[in-house]
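Q: A single structure is presented below for examination.
The values are calculated or read from the model by the stated rules, or taken from the named source; none is laboratory data. Because the structure is a prediction, the values reported are computed rather than measured. Reconstructed Cβ throughout: ideal geometry from the backbone, glycine too, with neighbour counts over all protein chains shown. With ligands, DNA and RNA removed, areas are computed over all heavy atoms of the protein, side chains included. Shrake-Rupley method; radii C 1.70, N 1.55, O 1.52, S 1.80 Å.
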Amino acid sequence: MMIKLVCLDMAGTTVLDGGVVQEAFETAVAEMGLVPGSEQNRKAVQYAIETMGQSKIEVFTEIFGGDAAAAAEANRRFEEAYGRSIASVGVTAVPGAVETIKELKAKGIKVVLTTGFSPETRDSLIGALGWEELVDDALSPADAGRGRPAPDMILTAMIRHGIEDVREVAAAGDTTSDLLAGTRSGASVVAGVLTGAHSREELAVMPHTHILESVTELPALLG
């Protein structure tokens, strides 16, 4: 079946991460009182690494034992730290990502970015990249109901762009949560990429259809 919609993760898939997301997590949990070097801090950072790709507010909610206020404050501090990094060192696309998106769109395929960031951070990132006109849409958990590994963002993209059959969807991302979300959505192509947070070995144990060196291999895969 012809693919009509491609959902692409942002950090680590289409946008170079360089450890900036993890650094922002480390800053946030330290500012929230989890002292660097402590067991609490180590466990929090490890959990953040394991759950890369998921809704940041949901990750912080788990770290702080369901305390919604603490999670909201930690998320605010995370986004501030990430924003400072963007402002100071800039942000760069994964090599070939822009050309890949243009190639997909030239084939008539809708391209939607999905992310665990808030809409504000997401839009700031898209603005810094100059991608406002490049993609068809960009979604955060707040736009869809739940973040990854739930399939809500992919399904919301389908609804927004008039895709009637989940088999007409491809999804790609660099984390295990991306693969779970893609599989749960029913997408016919669920591809892991090796430019981000999780290794080939980590991705391989999750349900998927392909593991790619980079998102740039996606157009050839889709034919």
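Q: Inside segment 133-197, counting only strands (runs of 3 or more DSSP E) that do not spill past its ends, which hold 2 or more residues that are farther than 24 Å from Val98 by Cβ and at pLDDT 95 or above? Lay out the reasoning, then the answer.
A: Values: elements: 137-139, 169-173, 189-193.
Qualifying strands (runs of 3 or more DSSP E): none found.
Q: Among the residues of segment 108-127, is any among the charged types (D, E, K, R), closer than 27 Å to Ser185 by Cβ, touching a residue at least 12 places away in the same chain (Cβ under 8 Å) and not in a helix (DSSP H, G or I)?
A: Checked segment 108-127: at least one residue is among the charged types (D, E, K, R), closer than 27 Å to Ser185 by Cβ, touching a residue at least 12 places away in the same chain (Cβ under 8 Å) and not in a helix (DSSP H, G or I).
Q: Any idea which of Leu155, Leu221 is in contact with a His (Cβ under 9 Å, 6 or more places away or on another chain) and touching a residue at least 24 places away in the same chain (Cβ under 8 Å)?
A: On the way: Leu155 fails: in contact with a His (Cβ under 9 Å, 6 or more places away or on another chain).
Answer to the check: Leu221.
Q: Residues being over 30 Å from Ser188 (Cβ atoms) and either in contact (Cβ under 8 Å) with a residue 12 or more places away in the chain or touching a Cys at 6+ places or on another chain (Cβ under 6 Å) (or both): count how many of those fall in segment 35-56.
A: Going through segment 35-56 one residue at a time, the tally reaches 5.
Q: In segment 85-107, what residues are part of a helix (DSSP H, G or I), open to solvent by 10 Å² or more (accessible area, probe 1.4 Å) and closer than 29 Å to Glu23 by Cα? Walk me through how you get there before you give the answer.
A: As a first pass, look at segment 85-107 and keep what is part of a helix (DSSP H, G or I): 85-89, 97-106.
Now narrow it down to the ones that are open to solvent by 10 Å² or more (accessible area, probe 1.4 Å): 85-89, 98-99, 102-103, 105-106.
Matches in segment 85-107: Ser85, Ile86, Ala87, Ser88, Val89, Val98, Glu99.
Q: Among the residues of segment 1-14, which ones are under 16 Å from Leu212 (Cβ atoms) and open to solvent by less than 10 Å² (accessible area, probe 1.4 Å)? Walk me through how you get there before you give the answer.
A: Residues of segment 1-14 under 16 Å from Leu212 (Cβ atoms): 3, 6-9, 12-14.
Listed by number, the residues that qualify are Val6, Cys7, Leu8, Asp9, Gly12, Thr13, Thr14.
Q: Given the criteria open to solvent by 20 Å² or more (accessible area, probe 1.4 Å) and under 20 Å from Lys105 (Cβ atoms), does Arg184 qualify?
A: On the way: open to solvent by 20 Å² or more (accessible area, probe 1.4 Å): yes; under 20 Å from Lys105 (Cβ atoms): no.
No, not satisfied.
Q: In segment 153-161, is there at least one residue being out of contact with any Ser or Thr (no Cβ under 8 Å at 6 or more places or on another chain) and small (Gly, Ala, Ser)?
A: No - not one qualifying residue is present in segment 153-161.
Q: Further, regarding this structure: Condition first: open to solvent by 40 Å² or more (accessible area, probe 1.4 Å) and not basic (Lys, Arg). Now tell me which residues in segment 192-207 satisfy that.
A: Leu194, Thr195, Ala197, Ser199, Glu201, Glu202, Ala204, Val205, Met206, Pro207, listed by residue number.
Q: Test Arg148 against the criterion of being touching a Gly at 6+ places or on another chain (Cβ under 6 Å), among the basic types (Lys, Arg) and touching a residue at least 60 places away in the same chain (Cβ under 8 Å), and give yes or no.
A: Details: touching a Gly at 6+ places or on another chain (Cβ under 6 Å): yes; among the basic types (Lys, Arg): yes; touching a residue at least 60 places away in the same chain (Cβ under 8 Å): yes.
Spelling it out, Arg148 is indeed touching a Gly at 6+ places or on another chain (Cβ under 6 Å), among the basic types (Lys, Arg) and touching a residue at least 60 places away in the same chain (Cβ under 8 Å).
Q: A further question follows. For segment 70-84, how many residues meet the condition of being without any contact (Cβ under 8 Å) to a residue 24 or more places away in the chain and open to solvent by less than 70 Å² (accessible area, probe 1.4 Å)?
A: The qualifying residues number 2.
Q: Still on this structure: Could you list, in sequence order, the residues of segment 158-181 that are out of contact with any His (no Cβ under 7 Å at 6 or more places or on another chain), open to solvent by 10 Å² or more (accessible area, probe 1.4 Å) and β-branched (Val, Ile, Thr)?
A: Of everything in segment 158-181, those that are out of contact with any His (no Cβ under 7 Å at 6 or more places or on another chain), open to solvent by 10 Å² or more (accessible area, probe 1.4 Å) and β-branched (Val, Ile, Thr) turn out to be Ile159, Ile163, Val166.
Q: Looking at segment 39-69, which of its residues are assigned to a helix (DSSP H, G or I) and buried (at least 17 other Cβ atoms within 10 Å of the Cβ)?
A: Hits for segment 39-69 are Asn41, Ala44, Val45, Ala48, Lys56, Ile57, Glu58, Val59, Phe60, Thr61, Ile63.
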